[in-house]
Amino acid sequence: MIVKPKGTHDIYGEEMKRWQYVSRVVDEVMDRYNYGMIRTPIFESTELFHRGVGDTTDIVSKETYDFIDRGERNMTLRPEGTAGVVRSFIENKMYGEATQPVKLYYNGTMYRYERPQSGRDRELTQFGVEVLGSSDPAIDAEVISVAVNIFKLLGLKGVKVKVNSLGDTESRNNYRDALIKHFEPRISELCPDCQERLKKNPLRILDCKFDAEHELIKNAPVMLDYLNEDSRNRFLDVQNYLDVLDIEYEVDPKIVRGLDYYSHTVFEIEATVKDFGANNVLAGGGRYDTMVGNLGGPDTPGIGFACGIGRLVTALEKEEVDLPINNQLDAFVLYVNNTEKEYAMALTQDLRLNGFKVETEYMERGLKGQFKQADRLNAKFLIILNDEDLVAGEIQVKDNMTKETTMVKEAEIDDYLDLNLR
Ligand code: HAM
């Protein structure tokens, strides 16, 4: 038997209904917030992720799915959505549009060659937003509120918002120097990856998965102490706007994020429901004011977040949130002989075209089997066809709850269902 690749999932049935419901709420909320959907390619040139996401990140240095296409080009399956959106923003000259800032959202699969475990997949689906063109701290608060309000509208209660600031370039350089000073004398105590990170990007040491509990990392200098005045004030503005929007949050100086492109605001939203497991970050994001420039566009600030739909659906399941998913059929059409079958097919199509959710029989079951099937599918009404009734222009309709049967005129079946269902 051929089985699916490690770290991937087949999603179908009830679970898929939850995924679809989440996506519908996402579409609805994005529309209210005036974000337009964007779809970018699932593969892009490898260089985009090296320049956009950063060579020193785990995601790019160890976790990408790379391949050479038949035209000898280096391609990579996207490990995240931001770099592709920024590439598109530049390529399509969206910076020239009159309606700045440009507010985009996406919902799609990403690929990371990680060690598979619960909540950590090799194929994952994220929805996310990117806002390009505004450095107003108020938009940072809006972006965080989009995620929070989607969770809220879904009925998820146990979430915790953690925010931090990585400051501007000057602040980060000062912090970088402080980190080097702190780690350098004892760097040999940390893993080989961290030793490498000290030279390339010491900030990465702080989210090393291997050495997370090491005393050197726990006692490392804290970014917030190195913010210059402008950066500190900007961070206070973001917090003020979060208060204005009534978003609960805590400042967590340990949030550094696993991607190189961030400056100023970074944030993560965790699921706090019991037994969620180690990978409990539902959404993460932050500001990336240098990415557009680094990728060859005009200097343009940006901010966004992404949320893993798999983790979000798991959180909804663990919290036992009752999602309004319709698991009922309006009607099941039953028949016995071939003339009735043709009538059943035509009637089923007609009702479907008129907006009803209807099923009929395709397994040659007898009437008894069809009644059972209708029950399994939670049909509200049973439309039981019978030659004699049809000749008389009538149809037998049984309410599957009350078990009451009514003879309905053929021409009035739509109205009858309409009246009794809506
Ligand atoms: P990220 O923190 O790498 O950020 O991913 C965001 C979310 O995607 C995570 O919080 C998690 O829910 C989900 N996720 C990530 N990796 C996996 C995985 N292996 N398995 C399951 N779920 C996963 C980004 O991707 C940035 N592009 C976010 C962003 C947008 N920053 C600015 N704009």
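Being in contact with a Ser or Thr (Cβ under 7 Å, 6 or more places away or on another chain), under 17 Å from L259 (Cα atoms) and modelled with pLDDT of 90 or more narrows it down to one of G133, G128, G158, G167, so name that one.
Matching residue, one of G133, G128, G158, G167: G167.
Given the conditions (1) within 16 Å of the ligand (Cβ to nearest atom); (2) closer than 18 Å to P298 by Cα; (3) assigned to a loop (DSSP other than H, G, I, E, B), and given that Q100 satisfies all but one, which numbered condition is not satisfied?
Q100 satisfies all of (1) within 16 Å of the ligand (Cβ to nearest atom); (2) closer than 18 Å to P298 by Cα; (3) assigned to a loop (DSSP other than H, G, I, E, B) except (1).
In the stretch 20-59, which residues are small (G, A, S) and either farther than 21 Å from G133 by Cα or modelled with pLDDT under 95 (or both)?
Those that are small (G, A, S) and either farther than 21 Å from G133 by Cα or modelled with pLDDT under 95 (or both): S23, S45, G52, G54.
Can you tell me which residues in the stretch 8-57 are out of contact with any helix residue (DSSP H, G or I) (no Cβ under 8 Å at 6 or more places or on another chain) and under 30 Å from L198 (Cα atoms)?
Those that are out of contact with any helix residue (DSSP H, G or I) (no Cβ under 8 Å at 6 or more places or on another chain) and under 30 Å from L198 (Cα atoms): S45, T46, E47.
Out of all the residues in the stretch 31-82, which are within 14 Å of the ligand (Cβ to nearest atom), in contact with a Gly (Cβ under 8 Å, 6 or more places away or on another chain) and hydrophobic (A, V, I, L, M, F, W, C)?
Within the stretch 31-82, L48, I59, V60 meet the criteria.
When you scan the stretch 265-377 for helices (runs of 4 or more DSSP H) that lie fully inside it, which ones turn up with 1 or more residues that are in contact (Cβ under 8 Å) with a residue 40 or more places away in the chain and within 12 Å of the ligand (Cβ to nearest atom)?
291-294, 309-318
Hey, among D246, D211, which residue is at pLDDT 95 or above, assigned to a loop (DSSP other than H, G, I, E, B) and out of contact with any strand residue (DSSP E or B) (no Cβ under 7 Å at 6 or more places or on another chain)?
That would be D246, the only listed residue that is at pLDDT 95 or above, assigned to a loop (DSSP other than H, G, I, E, B) and out of contact with any strand residue (DSSP E or B) (no Cβ under 7 Å at 6 or more places or on another chain).
Is one or more of the residues making up the stretch 73-84 modelled with pLDDT of 95 or more, assigned to a loop (DSSP other than H, G, I, E, B) and loosely packed, with under 13 Cβ neighbours inside 10 Å?
yes
Pick from the stretch 122-174 the residues that are within 15 Å of the ligand (Cβ to nearest atom) and of a type in the set (K, R): which of them is surrounded by the fewest Cβ atoms within 10 Å (Cβ to Cβ)?
Among those residues, the one meeting the criterion is K160.
The values are calculated or read from the model by the stated rules, or taken from the named source; none is laboratory data. As the structure is a computational prediction, the values presented were derived from the model and not from experiment. Heads up, the Cβs are rebuilt from the backbone with ideal geometry, glycines too, and the neighbour counts pull from every protein chain shown.
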